[in-house]
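Some notes on the structure that comes next.
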Amino acid sequence: MPEEKKEHKKFKAVTEELTPPTSVTEPTSEANTQTTEIVEDKNPEFGVVETKNIVLHEGVKHESGIFLKFFLVTFLATLLALALAGGIYVYLTGTKVNTRYQALNSNNGTPIATQTPVVMVSPTPNVDLSTYKVSVLNGNGGIGVASKLKTIIEKAGFKVTNLGNADNFNFTDTLIQTKPEVSESAISTLKDSLADTYSIKVGDPLDAASIYDIVITVGSK
């Protein structure tokens with residue numbers, strides 16, 4: 001019996017208070033606007049990180065930065081274009097003014113007088129009209145018409161060597177025919193002397209074999 005009493009020992013109940021795990025919160029900083037909090041799950045072996053108060057302003061800031069850059073580039077390009085246009089205008093205006101000033105300065109302010117070219121007319125050589133052989137023909141059938149014309153042109157200096165009738169009397173205008181060697185001044189004098197009385201027409205040149213230098217056929221006019 002004494003051995004059984006030794007085996008029974010008295011035990012004192014000791015109770016220990018267990019406190020639940022407290023949540024751990026990371027310290028927040030002024031530079032970082034995001035706060036995180038670790039929340040314990042019912043299972044103490046796993047922890048879940050929960051983010052709160054996340055500020056989503058990064059995209060807005062990026063877009064505003066792009067817009068600001070685009071506005072600055074456009075503004076600078078516009079200023080550059082305006083400056084370039086103004087420079088060109090000033091350059092052109094200055095060039096015109098400088099050119100005009102140089103022109104006035106070189107002439108002491110006196111406008112340059114342009115000279116009109118003078119046409120030199122060579123004097124017409126004096127031609128003896130009496131040297132031409134002239135034939136006067138009646139081309140309208142009238143009486144004395146050839147003699148009348150002979151009187152007019154001899155006053156102008158010509159000498160009539162022949163009076164006769166034309167092949168027909170159907171001439172309306174008074175026809176003048178000359179050889180190519182007859183001078184223009186002689187023909188002009190002949191026409192001027194007859195223009196007041198007759199309707200003048202210049203015909204085909206005479207053949208070189210003709211015995212007359214000038215042939216005048218009197219018409220009805």
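The values are calculated or read from the model by the stated rules, or taken from the named source; none is laboratory data. All figures in this text were calculated on a predicted structure; none of them were measured in a lab. Positions of Cβ are backbone-derived with ideal geometry, glycine not excepted, and every protein chain shown enters the neighbour counts.
Could you check, for the stretch 119-130, whether at least one of its residues is surrounded by 10 or more Cβ atoms within 10 Å (Cβ to Cβ) and at pLDDT below 75? Walk me through how you get there before you give the answer.
Let us first name the residues in the stretch 119-130 that are surrounded by 10 or more Cβ atoms within 10 Å (Cβ to Cβ), namely 124, 127, 129-130.
Imposing the further condition that a residue be at pLDDT below 75 reduces the set to 124.
The answer is yes; a qualifying residue exists.
Specify the residue that is farthest from VAL160 (Cα to Cα); the eligible residues are those in the stretch 197-215 that are charged (D, E, K, R) and surrounded by 12 or more Cβ atoms within 10 Å (Cβ to Cβ).
Selected residue: LYS201.
Which of the residues that make up the stretch 160-209 are of a type in the set (Lys, Arg) and not in a strand (DSSP E or B)?
LYS179, LYS191
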